[in-house]
Amino acid sequence: MSNSELLKSLPSQRILIIDGAMGTMIQRYKLNEEDFSGERFANFTHPLKGNNDLLSITRPDIISAIHEQYLDAGADIIETNTFSSTSISMADYHLEELVYELNFQSARIARQAADKFTDMNPDKPRFVAGALGPTNRTASLSPDVNDPGYRAVTFDDLVEAYATQVRGLAEGGVDLFLVETVFDTLNCKAALYAIGDYLETEGKEMPVMISGTITDASGRTLSGQTVEAFYISVAHAAPLSIGINCALGAKEMKPYLYALDRIADCYISVYPNAGLPNEFGQYDESPEAMAAQLEEFMAEGWVNFVGGCCGTTPDHIRAIAQMASQYEPRRYSDILS
């Protein structure tokens, strides 16, 4: 059975664990400009420090080590180090031409790590999710309050950017696509269009997970949708799962996860931050506290995938995995029909 086929059935058998934060782990290495640029970009004319995705090329050892730490902690699914690997986001670093390579190499690194752990325990197969972030522009809102009709990016721009990313991820060996941290549904639709076009052209089938972000206590995405409206807007893509990640801690996500459980005709995912950031922008929630909060979602039967976003570490994922092993996944009569 292929990994794509396994992913259709496994989440109905047990709760699958998504990895935790890549950026949080990279920060632990206290890297400098030379780490990011490496020999290849030693004479690059623009600063590269902070471009975490570039480390898949200049410090693949670090990215591989982080993947393996999450896999060792119990993650079933690891995300590629490609949250910003589109030409739109890479324009900040003047590295637009590197996008395909970034995605391909990131996918290969994750693939090798996942296969290593699958070989060690074939009864617990590991999967690679090609991560597609929201980019740093929004197609639904103007960045200029004095010109509400202005857009910094078009739908076609986004489709073109995502198309290169999708091809690199697929050819690098991912098992599924994860369109995540969606704050603007129009951006998400562009990603879904690019994925669908690639799969149709190549004659392939691959699962797609979609995860939005509720930005604050308003219960809406940045572009103004409720979680129910967001789901309805993307349901046409027949995703493997719909879910919520980032922006909030588990406690704050509860009402939105409940809303999704009532209407979603697919699996549900949730991977919160390690609580809300403190006054220094740091995340203080302990692995035990976070796992205890996620336990409520598991006990209610609301989730099929759980993991962590900003501030989470392998310790958080280990605690979540141990908790998840005690509960059954979400059941829905139409999931496999």
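Is at least one residue of the stretch 271-282 in contact (Cβ under 8 Å) with a residue 12 or more places away in the chain and in contact with a His (Cβ under 9 Å, 6 or more places away or on another chain)?
Within the stretch 271-282, one or more residues are in contact (Cβ under 8 Å) with a residue 12 or more places away in the chain and in contact with a His (Cβ under 9 Å, 6 or more places away or on another chain).
Any residue in the stretch 145-168 that is in contact with a Ser or Thr (Cβ under 6 Å, 6 or more places away or on another chain) and buried (at least 22 other Cβ atoms within 10 Å of the Cβ)? Taking every residue of the stretch 145-168 in turn, at least one turns out to be in contact with a Ser or Thr (Cβ under 6 Å, 6 or more places away or on another chain) and buried (at least 22 other Cβ atoms within 10 Å of the Cβ). Here is the figure for the stretch 275-300: residues that are more than 25 Å from residue 241 (Cα to Cα), among the acidic types (Asp, Glu) and outside any helix (DSSP H, G or I) total 3.
If the condition is being over 20 Å from the mean Cα position of the chain (by Cα) and at positive phi, then the stretch 286-336 contributes only 301. Considering 106, 56, 9, 89, the condition of being under 21 Å from the mean Cα position of the chain (by Cα), surrounded by fewer than 19 Cβ atoms within 10 Å (Cβ to Cβ) and in a helix (DSSP H, G or I) is satisfied by 9 alone. Only residues that are touching a strand residue (DSSP E or B) at 6+ places or on another chain (Cβ under 6 Å) and not β-branched (Val, Ile, Thr) were counted in the stretch 221-236, giving 2.
Quick check on my filter: what residues within the stretch 211-225 are more than 27 Å from residue 289 (Cβ to Cβ) and either of a type in the set (A, V, I, L, M) or assigned to a helix (DSSP H, G or I) (or both)? Of everything in the stretch 211-225, just one residue is more than 27 Å from residue 289 (Cβ to Cβ) and either of a type in the set (A, V, I, L, M) or assigned to a helix (DSSP H, G or I) (or both), namely 222.
Scanning the stretch 12-53 for residues that are within 24 Å of residue 271 (Cβ to Cβ), surrounded by fewer than 18 Cβ atoms within 10 Å (Cβ to Cβ) and in contact (Cβ under 8 Å) with a residue 12 or more places away in the chain turns up 12, 13, 14, 23, 29, 50. Given the options 301, 308, 281, name the one that is in contact with a Gly (Cβ under 9 Å, 6 or more places away or on another chain) and among the small types (Gly, Ala, Ser). On inspection, the qualifying residue turns out to be 308.
Flag not set for residue 294, criterion: surrounded by fewer than 24 Cβ atoms within 10 Å (Cβ to Cβ) and aliphatic (A, V, I, L, M).
Any idea which of 244, 317 is surrounded by 21 or more Cβ atoms within 10 Å (Cβ to Cβ), over 24 Å from residue 124 (Cα atoms) and modelled with pLDDT of 95 or more?
Working: 317 fails: over 24 Å from residue 124 (Cα atoms).
Within the list 244, 317, the selection yields 244.
Going through 303, 270 one at a time, which residue ends up being under 30 Å from residue 5 (Cβ atoms), of a type in the set (Val, Ile, Thr) and in a loop (DSSP other than H, G, I, E, B)? Only one candidate passes the filter, namely 303.
Being over 17 Å from the mean Cα position of the chain (by Cα), on the phi < 0 side of the Ramachandran plot and in a helix (DSSP H, G or I): is that true of residue 228 here?
yes
Please determine, by comparing only the residues of the stretch 59-79 that are assigned to a helix (DSSP H, G or I) and of a type in the set (A, V, I, L, M), which one is surrounded by the fewest Cβ atoms within 10 Å (Cβ to Cβ). Break it down into steps so the answer makes sense when it comes.
Kept after step one, since they are assigned to a helix (DSSP H, G or I), are these residues of the stretch 59-79: 60-73.
Within this subset, residues satisfying the condition of being of a type in the set (A, V, I, L, M) are 62-63, 65-66, 71, 73.
Values: 62: 20, 63: 25, 65: 13, 66: 27, 71: 25, 73: 21.
Here the residue is 65.
For residues in the stretch 237-267 being in a helix (DSSP H, G or I) and of a type in the set (Ser, Thr, Tyr), which is farthest from the chain's Cα centre (by Cα)? Talk me through it step by step, then tell me what you get.
Filtering the stretch 237-267 for residues in a helix (DSSP H, G or I) gives 237, 250-263.
Now restrict to residues that are of a type in the set (Ser, Thr, Tyr): 256, 258.
On the way: 256: 18, 258: 21 Å.
Here the answer is 258.
Are any residues in the stretch 301-318 among the small types (Gly, Ala, Ser) and within 19 Å of residue 241 (Cα to Cα), and if so, which ones?
Correct list: 301, 307, 308.
The values are calculated or read from the model by the stated rules, or taken from the named source; none is laboratory data. All values derive from a computational prediction rather than experimental measurement. Because the Cβ atoms are built from the backbone with ideal geometry, glycine has one as well, and the counts that use them run over all protein chains shown.
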